[in-house]
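Each remark here refers to the structure printed beneath this line.
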Amino acid sequence: MNTPLDPQDPQDAGHDLPKTPAQPAGPTPSFGPPTQPASANPPSPGQEPALSTLAVVTLVLSIVAVPLYCAFGLGILLAVAAVVCGIIALNNISASAGALRGRGLAIGGLITSGVGFLLIPVLALMIGILLPALGAARRTARQMQSNTQIRGIHQAHVMFAHSNNRNFPGLTSAGELELNALEPSGPHGGHPALRFQLLLEANYFTGEYLLSPVESGLSEWTGGPLQEDQYSFAALRIAENNTSRNTWHPDVVGEWSETLNTFAPVLGDRNTGIDPDLSVSSIHTELDSGDWRGSVTYNDNHVVFETSEILDTEFSGSALNDTNNGTGDSLFLPDDGAAPTANAAWVYSDAITTQDQNTTPGPADNSPD
């Protein structure tokens, strides 16, 4: 029987002891299942992995961003935030060794954000197409409302004429120029302010009806003398000055009554040009652009949104002023013998001449309309 050698025993001192095998360098190989990193914190057996908060945030941000893409700044910011949160969430889930779940939520949020980014050019194109169409529709709606108001104002003139020997306000039943009983030194019957005020005081319409839906900066009449910042429209010129009666064109004055003439423009949108002898404009166009467009009511109560101030007119049996042969009638220039003829001239603020009409009306200064 072999007895193990004892290095402490003197009898075994001369014998060679067996050598212990050297340990290899490096980590000791492991033959069991791989160990988890300390930071992984795997779930206990039977425990459900926790839902990644960032994954949920990713999906929510991407969904909220979709309806906000129309407001490009906010929608894009939310989509970018969703992408960043989604990437971080996927990295955290991969490193959690099963401790976190929500990979599908994160991927869904990333896909939704990506689709949203692809929709941006489409939305931009749609907005580029729709905005001009919406603007045109809004302008058309305002023009129709303006036409309706102008027609209603003319209808009020016709109803007034039924009890005024067929004459419109501004003329007496005898056809004389109406004087201002409320304000003797103020506007007379040739001034649109007095004509409109007679209708307001008789309750044919309210002060709001005299304000164009296109124009801002005006105030509604509630009583007292009608001011020039309380109405938007011009009317047919029927008097030369404050003392004469019907000294303007007799055929034109004859149209300030219930004639049902389809070629006689009697009411409409005014000229806003600062120097109407040189330029015209309206509340529908740029100031002093040389482009006048507006609602025009003819004496048979039909209304047209005209695109020029030069019109075909005919007053009380006079010759037709025809734009086709160069004798079209200007709504805003006095008849000085120059073409085009202008016996249809409208006034806005004074019977002799008409006002320097800025976008927002101010006090009369007797400059041409």
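The values are calculated or read from the model by the stated rules, or taken from the named source; none is laboratory data. From a predicted model like this one, the values you see are computed outputs, not experimental measurements. With ideal geometry, Cβ positions are generated from the backbone for all residues, glycine too; neighbour counts draw on all protein chains shown.
Of all residues in segment 299-323 being of a type in the set (D, E, K, R) and surrounded by fewer than 18 Cβ atoms within 10 Å (Cβ to Cβ), which is nearest to residue 270 (Cα to Cα)? So, considering only residues that are of a type in the set (D, E, K, R) and surrounded by fewer than 18 Cβ atoms within 10 Å (Cβ to Cβ), the one nearest to residue 270 (Cα to Cα) is 312.
Rundown of residues vs (1) farther than 30 Å from residue 256 by Cα; (2) among the charged types (D, E, K, R); (3) assigned to a helix (DSSP H, G or I); (4) in contact with a strand residue (DSSP E or B) (Cβ under 7 Å, 6 or more places away or on another chain), yes/no style:
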| residue | (1), (2), (3), (4) |
| --- | --- |
| 85 | yes, no, yes, no |
| 92 | yes, no, yes, yes |
| 104 | yes, no, yes, no |
| 113 | yes, no, yes, no |
| 116 | yes, no, yes, no |
| 123 | yes, no, yes, no |
| 133 | yes, no, yes, no |
| 154 | no, no, yes, yes |
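Report yes if some residue within segment 199-208 is at negative phi, crowded, with 23+ Cβ neighbours inside 10 Å, at pLDDT below 95 and out of contact with any Leu (no Cβ under 8 Å at 6 or more places or on another chain); otherwise report no. No, the conditions are met nowhere in segment 199-208. Show the residue pairs that are 6+ apart or on different chains and have beta-carbon atoms under 6 Å apart, the first residue being within segment 313-325 and under 13 Å from residue 345 (Cα atoms), the second being hydrophobic (A, V, I, L, M, F, W, C). Taking only residues 6 or more apart or on different chains, the pairs are 313/263; 313/344; 314/263; 314/320; 315/252; 315/264. Scanning segment 297-312 for residues that are over 25 Å from the mean Cα position of the chain (by Cα) and touching a residue at least 40 places away in the same chain (Cβ under 8 Å) yields a total of 8. Might you let me know whether segment 282-290 holds any residue that is within 25 Å of residue 166 (Cα to Cα) and in contact (Cβ under 8 Å) with a residue 60 or more places away in the chain? Scanning segment 282-290 turns up no residue that is within 25 Å of residue 166 (Cα to Cα) and in contact (Cβ under 8 Å) with a residue 60 or more places away in the chain. Quick check, is residue 296 aliphatic (A, V, I, L, M), over 24 Å from residue 189 (Cβ atoms) and either modelled with pLDDT of 90 or more or buried (at least 22 other Cβ atoms within 10 Å of the Cβ) (or both)? Criteria not met by residue 296. Looking only at residues in segment 251-286 that are among the charged types (D, E, K, R) and closer than 23 Å to residue 189 by Cβ, the one that is modelled with the lowest pLDDT is 251.
Reported count of residues in segment 319-344, each being within 26 Å of residue 193 (Cα to Cα) and modelled with pLDDT of 75 or more, is 4. Has segment 281-296 got any residue that is charged (D, E, K, R) and outside any loop (DSSP other than H, G, I, E, B)? Yes, segment 281-296 has at least one match.
Restricting the first member to segment 135-159 and to residues that are under 10 Å from residue 297 (Cβ atoms) and in contact (Cβ under 8 Å) with a residue 12 or more places away in the chain, and the second to residues that are surrounded by fewer than 14 Cβ atoms within 10 Å (Cβ to Cβ) and of a type outside the set (Val, Ile, Thr), the beta-carbon pairs closer than 9 Å and six or more apart or on different chains are 151/302.
One residue stands out in segment 40-72 among those that are of a type in the set (Ser, Thr, Tyr) and part of a loop (DSSP other than H, G, I, E, B): the one that is modelled with the lowest pLDDT, namely 44.
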